[in-house]
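Working notes, structure below.
The values are calculated or read from the model by the stated rules, or taken from the named source; none is laboratory data. All values reported here derive from a predicted model rather than from experimental measurement. With ideal geometry, Cβ positions are generated from the backbone for all residues, glycine too; neighbour counts draw on all protein chains shown. Side chains are part of the model used for accessible areas, which takes the heavy atoms of the whole protein and leaves out ligands, DNA and RNA. Shrake-Rupley method; radii C 1.70, N 1.55, O 1.52, S 1.80 Å.
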Amino acid sequence: QVQLVESGGDLVQPGGSLRLSCAASGFTFSRADMNWYRQAPGKERELVATITSGSNTNYADSVKGRFTISRDNAKNTMYLQMNSLKPEDTAVYYCNARLYWANRNYWGQGTQVTVSS
């Protein structure tokens, strides 16, 4: 019954902003490390940002300073605020939950972000 549902993907112009959401259910959200990944056509899946259960964060160099990952444990929701978007950010963005204590990973279906003029 674990479920991760992404939302917020859209078509935006370069320099624009977007906020992605990941609604989680079926596990103890507050105890899980959460991640945003992205995958562009023909490319490997890339880890974009991480937020641990202790709310420590890490970012890929390509997005550092532009993206902000956050979580609201009361709402079982993770967010990715994306600013100063570039065409290179175009990808399907996936929510990932890592239940490290059980060595389990869960994935959402993805949401499309397209940055184009």
Checklist entry - Of the numbered conditions (1) among the small types (Gly, Ala, Ser); (2) more than 16 Å from residue 4 (Cα to Cα); (3) touching a strand residue (DSSP E or B) at 6+ places or on another chain (Cβ under 6 Å), residue 21 satisfies every one except a single condition; which is it? => result (2)
Item to check | Members of segment 101-117 found to be in contact (Cβ under 8 Å) with a residue 40 or more places away in the chain, closer than 18 Å to residue 47 by Cα and open to solvent by 30 Å² or more (accessible area, probe 1.4 Å), listed by number | outcome: 106, 107, 109, 112, 114
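Can you work out which of the residues in segment 91-117 that are part of a loop (DSSP other than H, G, I, E, B) and more than 14 Å from the chain's Cα centre (by Cα) is nearest to residue 32 (Cα to Cα)?
Step one: of segment 91-117, the residues part of a loop (DSSP other than H, G, I, E, B) are 103, 108-110, 116-117.
Those left that are additionally more than 14 Å from the chain's Cα centre (by Cα): 103, 116-117.
Numbers: 103: 11, 116: 34, 117: 37 Å.
Looking at residues that are part of a loop (DSSP other than H, G, I, E, B) and more than 14 Å from the chain's Cα centre (by Cα), I get 103.
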Item to check | Search result, residues across segment 49-79 that are in contact with a Leu (Cβ under 7 Å, 6 or more places away or on another chain) and either among the acidic types (Asp, Glu) or closer than 18 Å to residue 110 by Cα (or both) | outcome: 49, 67, 69, 79
Item to check | Any hit, segment 35-44, residues being on the phi < 0 side of the Ramachandran plot and in contact with a helix residue (DSSP H, G or I) (Cβ under 9 Å, 6 or more places away or on another chain) | outcome: yes
Next on the checklist: Given the condition out of contact with any strand residue (DSSP E or B) (no Cβ under 9 Å at 6 or more places or on another chain) and more than 21 Å from residue 24 (Cβ to Cβ), answer yes or no: does some residue in segment 66-73 qualify?
Outcome noted: no
